[in-house]
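For reference, the structure is listed below as structure tokens.
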Amino acid sequence: AKISHWIRLGVFVNSTESFTEQPQVANGASDLLVELFGDKGRHARAAVGVAQLPFGAAVEVEAEFELA
């Protein structure tokens with residue numbers, strides 16, 4: 001199966017209370033999808049700051065996409 005298009009990304013950024021630039025961190029994932037897939041890589045996105053992620057990860061990305 002091939003990805004026909006990307007629907008949504010959810011980006012969780014391990015953040016302190018004062019850090020408010022989660023959308024800029026998430027831009028890296030969004031930009032990569034558009035670079036790799038062109039218009040099929042365009043998507044909706046949510047960027048959220050969290051106090052902790054599993055295994056001490058800095059960022060976690062969840063993706064929704066449609067298969068052809």
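The values are calculated or read from the model by the stated rules, or taken from the named source; none is laboratory data. Just so you know, these numbers come straight off a predicted model, no measurement behind them. Cβ sites come from the backbone with ideal geometry, for glycine too, and all protein chains shown count toward neighbours. With ligands, DNA and RNA removed, areas are computed over all heavy atoms of the protein, side chains included. Shrake-Rupley method; radii C 1.70, N 1.55, O 1.52, S 1.80 Å.
The criterion of at least 2 residues that are open to solvent by less than 60 Å² (accessible area, probe 1.4 Å) and without any contact (Cβ under 8 Å) to a residue 60 or more places away in the chain is met by the following strands (runs of 3 or more DSSP E) wholly inside the chain: 3-14, 44-50. Give region 12-30 a look and list any residue that's within 25 Å of residue 68 (Cβ to Cβ) and either β-branched (Val, Ile, Thr) or in contact with a helix residue (DSSP H, G or I) (Cβ under 9 Å, 6 or more places away or on another chain) (or both), or say none. Of everything in region 12-30, just one residue is within 25 Å of residue 68 (Cβ to Cβ) and either β-branched (Val, Ile, Thr) or in contact with a helix residue (DSSP H, G or I) (Cβ under 9 Å, 6 or more places away or on another chain) (or both), namely 30.
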